[in-house]
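Remarks on the structure that follows.
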Amino acid sequence: MALHPLVNIGIRAARRAGNVIFRSLNRLESLEVSAKGRNDFVTDVDRGAEAEIIDTIRRVYPDHGFLAEESGVSAGKSDEFVWIIDPLDGTTNYLHGFPQFCVSIAVQHRGRIEHAVIYDPMRQELFTASIGQGAQVDDKKLRVSKSKGLEGALIGTGFPYRANLKWLDSYMGMFKAVTLATAGLRRPGSAALDLAWVAAGRTDAFFELGLSPWDTAAGTLLVTEAGGRIGTLTGGDYQLGGEIVAGSPKTYEALIALLAPHVPEELR
Ligand code: 2AM
Ligand code: CA
């Protein structure tokens, strides 16, 4: 089936950003090893990739709004369409040359996420979805895994960092419970790609605390269009950002029940 025009523009934007990111990897090696130099460099790559994305979209849709990690909110003439953009999800990985990061672009229409594009420039994998139309990676239809619970399940996660370190002790309880009940945890380091991989059935479920809207906007649509479920840590309706659990339906439910005793009071 033909892709929606908004998805085609999203793909063009994501590939351009992917090129900026991939080309700049060569420069990463020649950088001074001073932490500041490296961080500034990554900021430059983030900004450059984001500018490519926004320029590409604005040229075609001058009235649309944006919510982007680097430049924040820019309202369009009409607020009907908002593009939610993470130009480089997995910045810490990128900085180290650890090859797990992506470009994430979602289209929100009247408050609902309707289209998603996630591009992995290292593997050159392109994940896309439109609401009610299913999800695919390149030309292949995506389905979440058939896992029926926790036994033997592979679970993706992200560890708390910075502001979220206040939840580290609660998280350690979750870590232990999941480690004891499943085939194991993986912490790849790019929440957007982690969600795409749930949609692809490469992990059976995923959870993380304290994310931002641009980390999860595109990935959530991929998961639901691939037949999976998305919710908060307590199984409530997911609002963009914050705490998220995603997975194949049965493993999602089992994971919520397993995590319940460890959810911090303020997140209940
Ligand atoms: P980012 O690379 O776009 O910042 C990893 O747990 C996930 O959390 C990534 O999606 C990452 O997105 C996000 N994140 C945000 N701030 C972070 C930080 N200071 N350290 C590590 N990951 C961060
Ligand atoms: Ca991010």
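For (1) over 18 Å from the mean Cα position of the chain (by Cα); (2) surrounded by fewer than 14 Cβ atoms within 10 Å (Cβ to Cβ), each residue gets a yes or a no:
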| residue | (1), (2) |
| --- | --- |
| 8 | yes, no |
| 21 | no, no |
| 24 | yes, no |
| 44 | yes, yes |
| 51 | yes, no |
| 62 | yes, yes |
| 70 | no, no |
| 73 | yes, yes |
| 78 | yes, yes |
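Might you let me know whether segment 177-188 holds any residue that is under 27 Å from residue 23 (Cβ atoms) and either within 16 Å of ligand 2 (Cβ to nearest atom) or surrounded by fewer than 20 Cβ atoms within 10 Å (Cβ to Cβ) (or both)?
Yes, the conditions are met somewhere in segment 177-188.
Which is surrounded by 14 or more Cβ atoms within 10 Å (Cβ to Cβ), outside any helix (DSSP H, G or I) and in contact (Cβ under 8 Å) with a residue 60 or more places away in the chain, of 95, 88?
Exactly one of 95, 88 is surrounded by 14 or more Cβ atoms within 10 Å (Cβ to Cβ), outside any helix (DSSP H, G or I) and in contact (Cβ under 8 Å) with a residue 60 or more places away in the chain, namely 88.
Say whether the condition of being more than 30 Å from residue 5 (Cβ to Cβ), at pLDDT 95 or above and surrounded by 20 or more Cβ atoms within 10 Å (Cβ to Cβ) is met by at least one residue in segment 133-144.
No, the conditions are met nowhere in segment 133-144.
Check off (1) over 23 Å from residue 17 (Cβ atoms); (2) of a type in the set (Gly, Ala, Ser); (3) within 16 Å of ligand 1 (Cβ to nearest atom) for residue 116 and give me the number that stays unchecked.
(1)
Can you tell me which condition residue 136 does not meet? The list is (1) within 26 Å of residue 112 (Cβ to Cβ); (2) within 16 Å of ligand 1 (Cβ to nearest atom), and all the others hold.
The failed condition is (2).
One residue is enough: does segment 64-74 have a residue meeting the conditions part of a loop (DSSP other than H, G, I, E, B), of a type outside the set (Val, Ile, Thr), free of Cβ contacts under 8 Å to residues at least 12 places away in the same chain and away from ligand 1 (no atom under 16 Å from the Cβ)?
no
Does residue 166 satisfy being more than 15 Å from ligand 1 (Cβ to nearest atom) and open to solvent by 40 Å² or more (accessible area, probe 1.4 Å)?
For residue 166, the condition - more than 15 Å from ligand 1 (Cβ to nearest atom) and open to solvent by 40 Å² or more (accessible area, probe 1.4 Å) - is not met.
Would you please name the residue that is least open to solvent (accessible area, probe 1.4 Å), looking only at residues in segment 122-132 that are under 15 Å from residue 5 (Cα atoms) and aliphatic (A, V, I, L, M)?
Ranking the candidates gives 129 first.
Being modelled with pLDDT under 95 and touching a Pro at 6+ places or on another chain (Cβ under 8 Å), is that true of even one residue in segment 241-264?
Checked segment 241-264: at least one residue is modelled with pLDDT under 95 and touching a Pro at 6+ places or on another chain (Cβ under 8 Å).
The values are calculated or read from the model by the stated rules, or taken from the named source; none is laboratory data. Predicted model only: the values in this text are computed from it and were never measured. All Cβ positions, glycine included, derive from the backbone under ideal geometry; neighbour counts span all protein chains shown. The accessibility values were calculated without ligands, DNA or RNA, using every heavy atom of the protein model including side chains. Shrake-Rupley method; radii C 1.70, N 1.55, O 1.52, S 1.80 Å.
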